[in-house]
Amino acid sequence: MSYYYPPVGFHFKVEVAGLSNDLDVRFTEVSGLSAEMGTEEVAEGGENRFAQKYPTIRKYPELVLKRGLVLPESGIWVWVKECMDDYNIQPRSLFIKLLGAEHEPLMTWHVVGAYPVKWSVSDLNAANNAVVIESLQFAYQYFTVEKGA
């Protein structure tokens, strides 16, 4: 008898196309990987019990990546600074890979046309024993999901 064990949500890696993918992309949290089909309601003449709903475009929320604060010389920091300070917007592909027990990709989300829209750090608090967390928020066009890759 074979058993299926769902993958764990803490074993993943993030890669940014065109940037070094070493310590700079070790994120601790990824959120916002979802898609929603938009709908439009149309009232039908003579029918008062309900309105027809028709599909429109797909919507994607902004993607949020969190990690321990990395010093300003990192590749991602330079990209974010160029986009936000210099208005030199360079969309990039992001690859979020869910990893298996042997560190092989089980699923890959290919996020297309991503660019940073927000950067923030966690509160600095002398009474709190925690590392400083950097949050990066990205707008993007769409994503695809591939097995493995």
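The values are calculated or read from the model by the stated rules, or taken from the named source; none is laboratory data. Note that the structure is predicted; figures quoted are calculated from it, not measured. Cβ atoms come from the backbone with ideal geometry, glycine included; neighbour counts cover every protein chain shown.
Quick notes on this structure:
- Test result for A35, exposed (fewer than 13 other Cβ atoms within 10 Å of the Cβ), touching a strand residue (DSSP E or B) at 6+ places or on another chain (Cβ under 8 Å) and closer than 16 Å to W109 by Cβ: yes
- Unique match (being in contact (Cβ under 8 Å) with a residue 24 or more places away in the chain, surrounded by 12 or more Cβ atoms within 10 Å (Cβ to Cβ), under 21 Å from E15 (Cα atoms) and in contact with a Leu (Cβ under 9 Å, 6 or more places away or on another chain)) among L69, L99: L99
- Criterion: in contact (Cβ under 8 Å) with a residue 24 or more places away in the chain, under 18 Å from the mean Cα position of the chain (by Cα), in a strand (DSSP E or B) and exposed (fewer than 13 other Cβ atoms within 10 Å of the Cβ) - qualifying residue of T108, T144: T144
- Test set (1) closer than 30 Å to P6 by Cα; (2) in contact (Cβ under 8 Å) with a residue 40 or more places away in the chain - M37 fails condition number: (2)
- So P61, is it more than 19 Å from I133 (Cα to Cα), at pLDDT 95 or above and not in a loop (DSSP other than H, G, I, E, B): no
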